[in-house]
Amino acid sequence: MADQHNAELIELDVEQSIWERSFGVFPLVVVGTREPDGADDLAPKHLAIPMSWQNYFGFVCTPRHNTYQNVRRSGEFAVTYMRPAQTVLASLAATPRCDDGSKPIAGALPTFPAERVQAALIEGGYLFLECELHQIVDGLGDNSLIIGRIVAARVAADAARASDLDDEDLVRDAPLLAYLYPGRFAEIANSTKLPFPAGFKR
Ligand SMILES: Cc1cc2nc3c(=O)[nH]c(=O)nc-3n(C[C@H](O)[C@H](O)[C@H](O)COP(=O)(O)O)c2cc1C
């Protein structure tokens, strides 16, 4: 194995996107929005994380996508955190639109309606967020950051942490999906407690 301290470093061209030159670990969520004609739209996003220790959630999206336009118009969206067995479903949600602009795959995926916002959630996910638009940050190159305030959230019972449950067992029994951008994925079932420094406080 290469000595990490002495690994040769390759200078990356920052005029180009650097994120394809190595792998990164991301979640894979499906964002649900409502199209102007009332149909559900669904699209996978991996540039997606909590935006605060409070209940805000953000994802990166290009204004070229209907997801962006739908959120800007309706002011709301829903988020499903997908499980490893749902990787194909998440990927299918990125099926290109038909020539007439419709996206039939969005109607073919197994969904149920969010309760506080007008958008669809994916059956079988493990964490479900319903968000009202808080802020859009445009101008990140071709992309924008969409931040929502979480107004409702549900977690699947088998994925919920509990004081009488061991976290290691929980992750093993309800594994997590990691998208290894670009183009690979992993099922995370094995995990180890992080060794926090003594006296650590958030
Ligand atoms: C695994 C995966 C992850 C993706 N992550 C993102 C993302 O983080 N941001 C983004 O704008 N598009 C992302 N996309 C692309 C869009 O989801 C895709 O182009 C989608 O079809 C757009 O649909 P819409 O026009 O209905 O919004 C991803 C696609 C895949 C397959």
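Annotation note: Cβ proximity below 9 Å between a residue of segment 1-21 that is farther than 19 Å from L180 by Cβ and a residue that is at pLDDT below 75 and assigned to a loop (DSSP other than H, G, I, E, B) (sequence gap 6+ or interchain) occurs for E8/A2.
Condition test on G148, is it on the phi > 0 side of the Ramachandran plot, within 16 Å of the ligand (Cβ to nearest atom) and out of contact with any helix residue (DSSP H, G or I) (no Cβ under 6 Å at 6 or more places or on another chain)? No; evaluated as a whole, the condition is false for this residue.
G107 meets the conditions (1) closer than 26 Å to D138 by Cα; (2) more than 10 Å from the ligand (Cβ to nearest atom) in every case but one. The failed one is (1).
The values are calculated or read from the model by the stated rules, or taken from the named source; none is laboratory data. Every value quoted in this text rests on a predicted model; they were computed, and no experiment measured them. All Cβ positions, glycine included, derive from the backbone under ideal geometry; neighbour counts span all protein chains shown.
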